[in-house]
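Computed from the coordinates by the stated procedures, all read-outs in this text should not be read as laboratory data. Remember, it's a predicted structure, so these values are computed and weren't measured experimentally. For neighbour counting, all protein chains shown are included, and Cβ atoms are generated from backbone atoms with ideal geometry for every residue, glycine included.
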Amino acid sequence: MIVRRARVEDAAAIEQVRTDTWRDAYRGLMPDSLLDRLGYDSTRRRALMAALPPDQFVLVAENEGVVVGFCLGGRSRATDDPFRGEVYAIYVLPEQQGRGIGRALLETAAKEFVERDLGSMIIWVLRENAPSRRFYERMGGAWIRDEERDLDGVRVTESAYGWPDISRSFGGSSGSVQRM
């Protein structure tokens, strides 16, 4: 398995990972109608990746040449937040979970933040998504707060997990980005 910077050509694979993971992880937490209307159209994702701001990055995890996970991160969207970096999204195909892929993506994202002089990191997760919350806790994230949000037209509560000092939390990180 390798973690590398995503290319625009990865948009379709990233959409498949996002859609399949949403349908698996959020079934019972989000309305079935929302999950069932998700598709694999990568047109929007391709355009977003082609115009990715310089303060953001997309990473993909490949297993035997197939994209099995991705991570999108950048400067924190909340300017008043003490956490400077934010993981906007991190997803691993359901059948690939439990193999260290999420850990490798998160460690590599932490390294990206350090390289960009963003020494802290935050991530938001559905409060009811217990498996993801446990993952962030195992990775050293501390619960910060809950907030009500609109997620694709559905009112949800998200929990923030933070790492105030990435260099201490991920200092020995083995995550590395293959530059392509």
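For region 1-96, state which trypsin sites (Lys or Arg not before Pro) are in a DSSP loop and have at most 10 other beta carbons lying within 10 Å of their beta carbon.
Arg37, Arg77
Between Ala142 and Glu64, what length comes free when the chain is fully extended (0.36 nm per residue of separation minus the Cα-Cα distance, one decimal in nm)?
On the way: separation 78, 0.36 × 78 = 28.08 nm, distance 3.35 nm.
Length gained between Ala142 and Glu64: 24.7 nm.
Using only Cα atoms, what is the ratio of the radius of gyration of the chain to 2.2 N^0.38 Å?
Working: Rg = 15.4 Å, N = 180, 2.2 N^0.38 = 15.8 Å.
Against the compact-globule rule of thumb, the ratio is 0.98.
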